[in-house]
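The values are calculated or read from the model by the stated rules, or taken from the named source; none is laboratory data. The structure presented is a predicted model; accordingly, all values stated were derived computationally and were not measured. No Cβ is skipped: glycine too gets one built from the backbone with ideal geometry, and neighbour counts run over all protein chains shown. Accessible surface areas use protein heavy atoms only, side chains included; no ligands, DNA or RNA. Shrake-Rupley method; radii C 1.70, N 1.55, O 1.52, S 1.80 Å.
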Amino acid sequence: RDVRPSRLTRARHKLLDALDHTSGGSVALVVVREEAFAVTPLTDDAGVLREAIPLLETRLMPGRAVFPARGFQEARRLLEPVGLHGAHIVFVSDGSDDDPSATLEAVRALAGDGAQVSVLGVAGASEPLETLARSGGGAFAALTIDDADLTRVLAGADAASATLGAT
């Protein structure tokens, strides 16, 4: 059982809103649970993501454990061909993480290579998520009913490429 609307439903709506706030550049969508999957490749066509986001369902992701570090590794794989420097990764999460030290290490490595990691918390504020955003050189915002959260996490997203990630 989840709150209504579910965290996934709220995340889907926010991801679609985030696409409305991006100004050009390339975007991709990575989802993660026990494994990470690129739902879409890095593309200049946000319409591809608009078609994929409504189809996201938790039952599509196997397992019960959540390893965000694997999602950041997949984001790295997608971004490396175009360059990590200047990339902006927006991590949308409910805070679930079965290996927080690996996640923090992955975020620090991305930041060290010039990427920025911002975090949107769909279950409210969380110190671990805020720490990830600080370590990634990005911003943290808890989900809001207006666009204040997106304004905050997308502030530096005028980069050439972005990856939206969700757990």
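Picking from V66, V3, V27, V82, which residue would you name as being surrounded by 11 or more Cβ atoms within 10 Å (Cβ to Cβ), out of contact with any Gly (no Cβ under 6 Å at 6 or more places or on another chain), among the β-branched types (V, I, T) and over 20 Å from R108 (Cα atoms)? Spell out how you get there, then give the answer.
Details: V66 fails: over 20 Å from R108 (Cα atoms); V3 fails: surrounded by 11 or more Cβ atoms within 10 Å (Cβ to Cβ); V82 fails: over 20 Å from R108 (Cα atoms).
Testing whether each residue is surrounded by 11 or more Cβ atoms within 10 Å (Cβ to Cβ), out of contact with any Gly (no Cβ under 6 Å at 6 or more places or on another chain), among the β-branched types (V, I, T) and over 20 Å from R108 (Cα atoms) leaves just V27.
Quick check on L49: is it assigned to a helix (DSSP H, G or I) and open to solvent by 30 Å² or more (accessible area, probe 1.4 Å)? Criteria not met by L49. Residues in region 129-153 that are within 18 Å of F67 (Cβ to Cβ) and crowded, with 17+ Cβ neighbours inside 10 Å: L129, L132, S135, G136. In region 63-156, counting only helices (runs of 4 or more DSSP H) that sit wholly within it, the ones holding 2 or more residues that are farther than 22 Å from S23 by Cβ, within 16 Å of the chain's Cα centre (by Cα) and in contact (Cβ under 8 Å) with a residue 24 or more places away in the chain span 68-79, 100-112, 127-135. Evaluation of Q73 against the conditions (1) out of contact with any helix residue (DSSP H, G or I) (no Cβ under 7 Å at 6 or more places or on another chain); (2) of a type outside the set (D, E); (3) closer than 22 Å to T131 by Cα; (4) surrounded by fewer than 19 Cβ atoms within 10 Å (Cβ to Cβ) shows that the sole unmet condition is (1).
For beta carbons closer than 6 Å, sequence separation of 6+ or different chains, a first residue in region 31-56 that is over 20 Å from E80 (Cα atoms) and a second that is at pLDDT below 90, the qualifying pairs are R33/M61; R33/G63; E34/G63.
Inspection of region 32-41 finds no residue satisfying the criterion of being out of contact with any strand residue (DSSP E or B) (no Cβ under 8 Å at 6 or more places or on another chain), closer than 19 Å to V119 by Cβ and either open to solvent by 80 Å² or more (accessible area, probe 1.4 Å) or of a type in the set (S, T, Y) (or both). Tell me whether region 88-100 contains one or more residues that are in contact with a His (Cβ under 6 Å, 6 or more places away or on another chain), open to solvent by less than 10 Å² (accessible area, probe 1.4 Å), aliphatic (A, V, I, L, M) and modelled with pLDDT of 90 or more. No, region 88-100 contains no residue that is in contact with a His (Cβ under 6 Å, 6 or more places away or on another chain), open to solvent by less than 10 Å² (accessible area, probe 1.4 Å), aliphatic (A, V, I, L, M) and modelled with pLDDT of 90 or more.
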